[in-house]
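Reading through the structure tokens given below for one structure.
The values are calculated or read from the model by the stated rules, or taken from the named source; none is laboratory data. Not measured: the values here are computed from a predicted model. With ideal geometry, Cβ positions are generated from the backbone for all residues, glycine too; neighbour counts draw on all protein chains shown. For accessibility, only protein heavy atoms count, side chains too; no ligands or nucleic acids. Shrake-Rupley method; radii C 1.70, N 1.55, O 1.52, S 1.80 Å.
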Amino acid sequence: MNKKNRFNNTKANDIGLKIRSLPRGGLFFQSGLRPLDRIISINGNAVYDELDFYYHAAEQFLEIEIERGRREGVLEIEREQGSGLEVDFYENPVNHCTNHCIFCFIDQMPPNLRSSLYIKDEDFKHSFLNGNYVTLSSASRGDLQRAADIGLSPLFISVHATDPKVRSVMLGNKHAPDVREQLSFLSKNGIAFHTQIVLCPGFNDGAVLDRTIADLFKFGDNLLSIAVVPAGVTKHKKRPFPQVDKKLALDVCQKMGIVSGKMAKKDGVRKLFCADELFIRANLPIPPRSYYEDYPQIENGVGLARQLLQEASAVKRKLQKGEINNNHRNKHDKKNTLVITGVSAYPYLKKVLDDITPYTAKKFDVQAVENNYFGTSVTVAGLLCAHDVIKKIKESAKKSPLIEAILPKAMFNNRGHTLDGYSADRIGKLTKIPVRVCSSVTDFIQ
């Protein structure tokens, strides 16, 4: 390991990435980097966030420009083969969305929730790292070039409509660039993308939807997937907004099914999917496992129901063969377990648990919770709030004794809190019923 350091007095500026901590035994500490240093550039390439750092620091020879207090310095480092890049940074502020989408869910939320829930991000980094959808509406050619230069692929892009006028209206942004040109630039530079179309009746359905789908398929292998999902509408919506009804859902599922199958034969892989919610609203059966490929849009509510049914079948077979130890007792000695879910998932989860109950030591009472917090039009389990769940648990406990209540993991964030700020332990204390959080059918029976 070689290093050469030199420092000059200069005025600090606002660019760069600030170090929170780094291991003392690591390469960068031994080379002179310290906590609170700000990394400005690596080998002449500006560093704006972690993606820049990890991309440019992967070279063997590094010239790192830093700021320490009001001094500027340069570290010259030779990385040894296999050495890590263990540096923890203070997170830079995310790029905020400047759109005013007619369907924006954040604008439809009630007041007094956690402040982080009201943040609208439009950040390439979070799109690449976390699968967050971005519209590219505020992306300059330089931003797109940077994404291409450091290989941010795949990206997750909200298209909604390729017709520029329709898209501008939907985004509430008359300056929104033509997304077709942006996708073309990314595609030509080797960046692949998953896309979503939030379906809004009267705006991007019908001929507009047909054109959007056709335009997206022109990007060939760089198009990884398309999800068509219905716009969510809460009771806090400030202006009237039509919902996707049964008739439109049926029409979309049928038309998209034809195009999806046709293009799957051409491409050798299915790329166009309808969200579970559309099949449910259309009163259509959930497609078979083969429809979903490798579930590229599972986080967008595409294939969750099928995944549940697939897992349930596997669990049932294992129970029948005695491969799962679930402390099976006499069928007359079963204990009541309340299972909470959303209105959309209720019929599927009830069927699943009714099928496996004869092979378990539990009696599952599946209950759908209406979302009074956001409005009854919101039916997914992931948007249930503790206020409605607590009420349902108390009502059920009055009817029959409960050994426990099971809540869907989708209700909780990565810190274990619901949208209205409750933990599972707090819900259990308020209801005086033991609460468990589950994410799979196997969790239910263990």
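What to note about this one:
- Residues of segment 335-354 satisfying the condition of being under 26 Å from Lys432 (Cα atoms) and aromatic (Phe, Trp, Tyr): Tyr346
- Some residue of segment 145-164 being buried (at least 18 other Cβ atoms within 10 Å of the Cβ) and over 22 Å from Asp121 (Cα atoms): yes
- Leading residue by the ranking (farthest from Leu144 (Cα to Cα)) among those in segment 37-64 that are in contact with a strand residue (DSSP E or B) (Cβ under 7 Å, 6 or more places away or on another chain), open to solvent by less than 70 Å² (accessible area, probe 1.4 Å) and part of a loop (DSSP other than H, G, I, E, B): Asp37
- Every listed requirement among (1) over 16 Å from the mean Cα position of the chain (by Cα); (2) closer than 21 Å to Cys104 by Cβ is met by Ala148 save one, (2).
- Tabulated pairs, segment 370-382, first over 16 Å from Tyr346 (Cβ atoms) and touching a residue at least 60 places away in the same chain (Cβ under 8 Å), second open to solvent by 40 Å² or more (accessible area, probe 1.4 Å) and assigned to a loop (DSSP other than H, G, I, E, B), C-beta under 6 angstrom, 6+ apart or interchain: Gly375/Lys235
- Segment 389-443 - residue that is in a loop (DSSP other than H, G, I, E, B) and of a type in the set (Lys, Arg) and, of those, least open to solvent (accessible area, probe 1.4 Å): Lys432
- Qualifying residue in segment 136-147 (condition: under 22 Å from Pro230 (Cα atoms), modelled with pLDDT under 95 and not basic (Lys, Arg)): yes
- All of (1) charged (D, E, K, R); (2) open to solvent by less than 50 Å² (accessible area, probe 1.4 Å); (3) outside any helix (DSSP H, G or I) hold for Glu323 with one exception: (2).
- Taking first residues from segment 434-445 that are under 20 Å from Ser396 (Cα atoms) and partners that are surrounded by 14 or more Cβ atoms within 10 Å (Cβ to Cβ) and among the charged types (D, E, K, R), the Cβ contacts under 6 Å between residues at least 6 apart in sequence or on separate chains come to Pro434/Glu404; Arg436/Glu404; Val437/Lys409.
- Beta carbons closer than 8 Å, at least 6 apart along the sequence or on distinct chains, pair a first residue in segment 307-319 that is buried (at least 16 other Cβ atoms within 10 Å of the Cβ) with a second that is among the polar types (S, T, N, Q) for Val315/Thr442; Leu319/Asn326; Leu319/Thr360.
- In segment 338-357, residue nearest to Ala381 (Cα to Cα) [restricted to those that are outside any strand (DSSP E or B) and either aliphatic (A, V, I, L, M) or open to solvent by less than 10 Å² (accessible area, probe 1.4 Å) (or both)]: Gly342
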